[in-house]
Amino acid sequence: MKCNSCGKQGDDADNKLMQCSVCATVKYCSTACQKADWKDHKKNCTAAACLKLFAAIQDNDGASVARLAKTKRVLNGRVDYTPPADEDFPDPHVMGKWTALHQCVRLKNVKMMKILIENGANLEVTDVDGETPTFVVSSSSAPEVIKVLLDAGANPNACAEDGWTCLMMAARQGDYESTKALLEAGADLNLGRDMFGRGALELTAMAMSGSGLRMSEGESMPHAMARHKRVNQLLTEWTARRG
């Protein structure tokens, strides 16, 4: 191993190299060399550390997540990331400008997400598609995740570039608890439209009739329709209470 700045070998007791404390991918023979190399190393350092943070979240390694999250440029860093294939994601694609908080909501890992939030994670950071973590999880039927984000102050009215809102995504899924949590956090029922001009209420009405119905694996159509009907009733009552 050699110094990443001057190239000096560090193979004896008199010339021990110091490892970059953030990314742990390079070493230096002195503080002066580390400072001299910082401008060139910073981008690679951040990217490497972000990927280490994603892996720690995947492994549910709270100690490593807490350590890496203390560096803000890593905590809120956005990098292109391809997750490992598993049962839920057998054919993963590249996640553009992905962040640690996005990674937590993708895995529905509340424990790791709380560590990030405690360290000051940016709740409104967006990925390559302009989607916040709250928007991403709003279509995942994971109310326990979305409630943590909303309780921490996340924007319930976050929108995607195509005009969809968190509320529309949750309502389309027939996710009563997430829809209710968004409304209670201040989500605007009249905000957002799909390409056909439909909002959250119209989307649930369609699902009740069987059009665009979202069904869970093994779920019967009558059960799915009843689930969407419950969400539609919630939205209708919410609208009526607010005149």
Notebook entry, point to check: Would it be correct to say that Pro156 is within 26 Å of Asn109 (Cβ to Cβ), out of contact with any Ser or Thr (no Cβ under 6 Å at 6 or more places or on another chain) and at pLDDT 95 or above?
Noted result: yes
Note to self: Considering only the range 143-166, I want to know if a residue exists there that is touching a residue at least 40 places away in the same chain (Cβ under 8 Å) and over 19 Å from the mean Cα position of the chain (by Cα).
What the structure shows: no
Notebook entry, point to check: If you go through the range 195-243, how many residues are assigned to a helix (DSSP H, G or I), surrounded by 10 or more Cβ atoms within 10 Å (Cβ to Cβ) and among the small types (Gly, Ala, Ser)?
Noted result: 5
Next item on the list: Considering each residue of the range 62-94, count those that are surrounded by 12 or more Cβ atoms within 10 Å (Cβ to Cβ), of a type in the set (A, V, I, L, M, F, W, C) and closer than 19 Å to Met112 by Cα, and give that number.
Entry: 7
Check: In this structure, is Ala47 surrounded by 12 or more Cβ atoms within 10 Å (Cβ to Cβ), within 23 Å of Thr126 (Cα to Cα) and either hydrophobic (A, V, I, L, M, F, W, C) or without any contact (Cβ under 8 Å) to a residue 12 or more places away in the chain (or both)?
Finding: yes
Next item on the list: Could you pull out the residue among Ser209, Ser139 that is out of contact with any Leu (no Cβ under 7 Å at 6 or more places or on another chain) and within 17 Å of His102 (Cα to Cα)?
Entry: Ser139
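What number of residues within the range 1-40 are crowded, with 18+ Cβ neighbours inside 10 Å, in a helix (DSSP H, G or I) and in contact with a helix residue (DSSP H, G or I) (Cβ under 9 Å, 6 or more places away or on another chain)?
At the first step, the residues of the range 1-40 found to be crowded, with 18+ Cβ neighbours inside 10 Å are 3-5, 17, 20, 22-23, 26-29, 33-34, 37.
From what is left, the residues that are in a helix (DSSP H, G or I) are 33-34, 37.
Among the residues that remain, those that are also in contact with a helix residue (DSSP H, G or I) (Cβ under 9 Å, 6 or more places away or on another chain) are: 34.
Number of matching residues: 1.
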Next item on the list: Sort out which residues of the range 111-138 are surrounded by fewer than 21 Cβ atoms within 10 Å (Cβ to Cβ), of a type in the set (A, V, I, L, M, F, W, C) and within 11 Å of the chain's Cα centre (by Cα), and write them in order of number.
Entry: Leu123, Val125
Checklist line | Considering residues of the range 57-109 that are assigned to a helix (DSSP H, G or I) and charged (D, E, K, R) only, the residue modelled with the lowest pLDDT | finding: Arg106
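Can you go through Lys70, Lys108 and tell me which one is of a type outside the set (Val, Ile, Thr), touching a residue at least 12 places away in the same chain (Cβ under 8 Å) and out of contact with any helix residue (DSSP H, G or I) (no Cβ under 9 Å at 6 or more places or on another chain)? Give the derivation first.
Values: Lys108 fails: out of contact with any helix residue (DSSP H, G or I) (no Cβ under 9 Å at 6 or more places or on another chain).
When all the criteria are applied, what remains is Lys70.
Taking the criterion of being of a type in the set (Lys, Arg) and crowded, with 22+ Cβ neighbours inside 10 Å, would at least one residue in the range 155-177 satisfy it? So that I can check it myself, show each step before the final result.
Quick first cut of the range 155-177, residues of a type in the set (Lys, Arg) only: 172.
Now restrict to residues that are crowded, with 22+ Cβ neighbours inside 10 Å: 172.
Looking for residues that are of a type in the set (Lys, Arg) and crowded, with 22+ Cβ neighbours inside 10 Å, one finds at least one in the range 155-177, hence yes.
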Next item on the list: All but one of (1) surrounded by 13 or more Cβ atoms within 10 Å (Cβ to Cβ); (2) part of a loop (DSSP other than H, G, I, E, B) hold for Phe54, so report the exception by its number.
Entry: (2)
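The values are calculated or read from the model by the stated rules, or taken from the named source; none is laboratory data. From a predicted model like this one, the values you see are computed outputs, not experimental measurements. Cβ atoms come from the backbone with ideal geometry, glycine included; neighbour counts cover every protein chain shown.
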